[in-house]
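What follows draws every value from the coordinates through simple rules; no lab data is involved. Treat the numbers as computed from the prediction; the structure is a model and nothing was measured. With ideal geometry, Cβ positions are generated from the backbone for all residues, glycine too; neighbour counts draw on all protein chains shown.
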Amino acid sequence: MMTRRECFHAAMNHRLPDRLLLDLGKHIGSIHRRAYIQLRDHLGDDSMVNEDRVLDRMAQTVWPDEALLQRLDIDFRWLVPNWVQVQERTDVPGYIDMWGVPYRALEDWDHCVVDGSPMREMSVDQIDDYPWPDPHDPQQFAGLREQARQLHENTDYVIGADAIKAGMLMNALQLRGYDQFFMDLVLDVELAEKVMDRILWTLKHMWTHYMDAVGPYVQLAYVTDDFGTQKSMMVSPKMFRDLIKPRWKELIEHIKSLGDVKVMFHSDGAILPLLDDFVDMGVDILNPVQTSVAGLEDTFALKEKFGDRLSFHGAIDVQQMMPNATPAELEAEIARRVYDLGRNGGYILAPCHNIGHDVPPENVVMLFEKARELGADPGALKSRVGQGGSYFEFHGVET
């Protein structure tokens, strides 16, 4: 019987593991605090006391209690960088992150939104004078080495280095403003490149310290950026390849030089045109496989085309499926994604983003319980899945 880590290495090398790996709990892939309370009440579990322990301030997700992770049989444990160099706002409820980007809390801290672009008016010769984050802050990764060592020595969980919440495009858009930076990419390429180079320089130094702390103990590193909308790319593939891809390739090569890790890349949106580029960048695992967007609906075709070069993480839709599905529909969805993506390994099942407070707690529990059952042998689901991974017919679910 394989350990969880042995299953991970088998799956990521495109071999069928003994068990389908299940994940929950990183900063893009946890549970909104209101949904967490609903889940606690549904389970009647008073040990779930983490509803006020915020994991991601923008999304207002929480750290799942260890008891919940064990109850749902989650195979991963995530190490999360500490929130440092953050200022609380005094004008409105909210905060200013380490990059100097202000966030404003919506009513009842439901979530937070970007509330200004601090570099919008800067010229190229002012970029170096901006108060960039200190990448050498010793508090950012304080305590993580001990946590990683304990998990490595005393459990068989797959240990992940959760993302430093930043990306070349995402941060540049927030710092300059979306409209301004999109214009920079065309009209002021020198400035655009200088901003992204400074983000890259900062992240490389941060990851050096991060991997120095946890590198001997982790099996994967998670990085994030966003390149797509629901229907299209945010930038053209050519612009991505010319300006963004080389910087991401440099950062991923740097991370892999610091430890024996697989790299999981998060990008929301319709990014199918970039997947060959992701492979070239050194990405091992694609997250979140957002099946509600153009081009990623057909996970059977996705596996057929890229399954020998990429592994997949996520694929369970939280926009429409999990909030609205009947038990039969949710079971069909789980079976479809497990069969499509889990054949011959290479799949980690998880919600494709955070579980919101519109998701019934019954569906949260069912997701992981049914995934454990159906994931025992993904290939055996073929008799219940139509050609091309269409929904299988049972319990009245129509194809």
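Observations on the structure shown:
- When only Cα pairs below 8 angstrom with a gap of at least 6 residues are kept, the range 1-99 shows a relative contact order of 23 percent.
- Dimensions (Å) - the range 62-221, Cα atoms, principal axes, largest first: 53, 37, 26
- The angle between the Cα long axis of helix 327-342 and the longest principal axis of the Cα atoms of the chain comes to about 70 degrees, rounded to the nearest 10.
- Cβ-based exposure ranking for S236, S311, S117, in which fewest neighbours within 10 Å come first: S236, S117, S311
- Inter-centroid distance (Cα atoms) of the range 54-90 relative to the range 251-273, Å: 21
- Kirkwood Rh, angstrom, the range 1-131 [1 / mean 1/r, Cα pairs]: 17.7
- Folded to 0 to 90 degrees: helix 144-154 orientation relative to the chain principal axis, Cα: 20
- Long-range amide H partners of D137 with built H, under 5 Å: none
- Label reach from Q230 (point 7 Å along Cα→C-beta): in the range 297-323, amide nitrogens under 14 Å belong to 318-321.
- Taking 27 Å as the limit for the C-alpha separation, the pairs K249/K370; K194/K305; K26/K194; K194/K262; K303/K370; K165/K249 exceed it in the case of K249/K370; K194/K305; K26/K194; K194/K262.
- One Cα centroid belongs to the range 196-217, the other to the range 27-49; the line between them spans 32 Å.
- Relative contact order of the chain, defined on C-alpha pairs under 8 angstrom at six or more residues apart (%): 19
- Per-residue Cβ neighbour rank within 10 angstrom, fewest leading, L173, L258, L349: L258, L173, L349
- Proximity of backbone amide H atoms, modeled 1.01 Å from N, is registered between G94 and R89, A105 at under 5 Å, excluding neighbours fewer than 5 places apart on the same chain.
- Mean separation of Cα contacts under 8 Å, 6 or more apart, over the residue count of the range 119-256: relative contact order %: 36
- Only alpha carbons enter this Debye calculation for the chain, each as an equal point scatterer, and the log10 of I(q)/I(0) it gives at q = 0.12 Å⁻¹ is -0.97.
- Angle between the chain longest axis and helix 245-258 axis [Cα atoms, degrees, rounded to 10]: 70
- More than 11 Å apart - percent of Cα-Cα pairs taken over the range 263-303: 63
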